[in-house]
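> I have a structure I would like to understand better, so I am pasting it below and will then ask my questions one at a time.
The values are calculated or read from the model by the stated rules, or taken from the named source; none is laboratory data. Keep in mind that this is a model prediction, so the values were computed, not measured. Please note: Cβ atoms are built from the backbone with ideal geometry, for glycine as well, and neighbour counts cover all protein chains shown. Calculation scope for accessible area: heavy atoms of the full protein, side chains included, ligands and nucleic acids excluded. Shrake-Rupley method; radii C 1.70, N 1.55, O 1.52, S 1.80 Å.
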Amino acid sequence: MMRRRLILGISVALCVIAYLCLRPKDSVQTEYLTVSGGVFGTTYKITLQADSDYHGSIMRTLQEVDNSLSTFNKTSVITKINNNEPVTLDEHFIKVFNLAMLVSEDTDGAFDITVAPLVNAWGFGFKTKQMPTEEQVDSLKQYVGYRAVSLNGSKVKKQNPHIMLDCSAIAKGYGVDAVADMLKAKGVKNFMVEIGGEVVTLGVNPKGDNWKIGVVKPTDDSLNINNEVMEVLEVNDKAMATSGNYRRFYVEDGKKYAHTIDPASGYPVQHSLLSATVFGPTCAIADAYATSFMVMGLEKAKALLDRHPELMAYFIYSDEKGENQVWKSKALKVKE
């Protein structure tokens, strides 16, 4: 009897040891942590499964991006370029500039980081003014055009010194990517990085499921207090960005002027597309195309998606009766 008990005990011990050896390391339950705060004039929230929240590394990464691409930072790389001051370009600026040029070519100029003078003139940029005259718009258009700027080694070459750059339609997404890349380098395998609604996910959420992200209903809300969710999407190892004209706008003489400026016309866009949520391989790419689609409008945006299988989109638009409608890529997973 004693021998049978001993054999049974050894067998159980061996089974436990075998389980521990064969069990995937990822199955060890490390706590999910959340880090939040303010950056880029908005908020950030990062949920990750790790032994450390890496808050110091996160803040250093975001500060690097701000020092490079923020037009509100008086000593940033882009500010010095706009002021025609000598400056050495850093890795962040070069990456964003080159990506911006590619998207500009692909969208026939719907995306254009030289649109800053017009954005400022309409009161939505880093300089304040509102309601330019037709003559002022025509005058400023001579300084807008992505083909008028280029990289010459480590310097930006402008065809006109009055050209100004504004990377706000891509920099926030790039900042999300930068934090995500840092976390990956630290070995973090499950996280969601969100900055002002732009998101990158990897792995699974605390419940072990795909990350779930709500698409906000595009209701005029300049104070950003209405966050009614229109639909919840399941996202896995994807980046997401949204552009819409329901947050930043003003009304003058009964007419609404939204912040998305068409570089070709020089005026705020006026069409049925209310918001564009784009999913892509990086948040910078999703961010840039979301803005592009808002400039292009629904039909042109859908046509562009046909040649970009790596992109998915969720569009909310207004129909002939003024009611909200949805068009979305077939590959998007909606939470049941």
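> Can you find a residue that is within 19 Å of the chain's Cα centre (by Cα), part of a helix (DSSP H, G or I) and of a type in the set (Asp, Glu) anywhere in the stretch 109-128?
no
> Among the residues in the stretch 289-300, are any exposed (fewer than 15 other Cβ atoms within 10 Å of the Cβ), out of contact with any strand residue (DSSP E or B) (no Cβ under 6 Å at 6 or more places or on another chain) and outside any loop (DSSP other than H, G, I, E, B)?
yes
> Related question: Name the residues in the stretch 180-214 that are part of a loop (DSSP other than H, G, I, E, B) and more than 24 Å from residue 228 (Cα to Cα), would you?
Passing the criteria: 186, 187, 188, 189, 190, 203, 204, 208.
> Report whether or not residue 41 is free of Cβ contacts under 8 Å to residues at least 24 places away in the same chain and not charged (D, E, K, R).
no
> For the stretch 129-146, give me the residue count where each residue is out of contact with any Gly (no Cβ under 6 Å at 6 or more places or on another chain) and part of a helix (DSSP H, G or I).
9
> Can you work out which of the residues in the stretch 97-133 that are modelled with pLDDT of 90 or more and open to solvent by 30 Å² or more (accessible area, probe 1.4 Å) is nearest to residue 163 (Cα to Cα)?
That would be 101.
> Also, I was wondering about something else. How many residues does the stretch 61-77 hold that are part of a loop (DSSP other than H, G, I, E, B), surrounded by fewer than 16 Cβ atoms within 10 Å (Cβ to Cβ) and under 19 Å from the mean Cα position of the chain (by Cα)?
1
> Right, next: Six or more apart or on different chains, Cβ atoms under 9 Å: show the pairs whose first residue is in the stretch 183-200 and within 18 Å of residue 60 (Cα to Cα) and whose second is open to solvent by less than 40 Å² (accessible area, probe 1.4 Å) and among the acidic types (Asp, Glu).
193/177
> Please go through the stretch 274-307 and pick out each residue that is over 29 Å from residue 163 (Cα atoms) and in contact (Cβ under 8 Å) with a residue 40 or more places away in the chain.
274, 277, 279, 280, 281
> Considering 95, 80, which residue is out of contact with any Ser or Thr (no Cβ under 8 Å at 6 or more places or on another chain), in a helix (DSSP H, G or I) and over 29 Å from residue 269 (Cα atoms)?
80
> If you scan the stretch 147-179, which residues turn out to be free of Cβ contacts under 8 Å to residues at least 60 places away in the same chain, part of a helix (DSSP H, G or I) and surrounded by 14 or more Cβ atoms within 10 Å (Cβ to Cβ)?
Answer for the stretch 147-179, where residues must be free of Cβ contacts under 8 Å to residues at least 60 places away in the same chain, part of a helix (DSSP H, G or I) and surrounded by 14 or more Cβ atoms within 10 Å (Cβ to Cβ): just 148.
> I'm trying to understand the selection: among the residues of the stretch 196-209, which are open to solvent by 40 Å² or more (accessible area, probe 1.4 Å) and within 17 Å of residue 332 (Cβ to Cβ)?
Once the filter is applied, which keeps residues that are open to solvent by 40 Å² or more (accessible area, probe 1.4 Å) and within 17 Å of residue 332 (Cβ to Cβ), the stretch 196-209 yields only 209.
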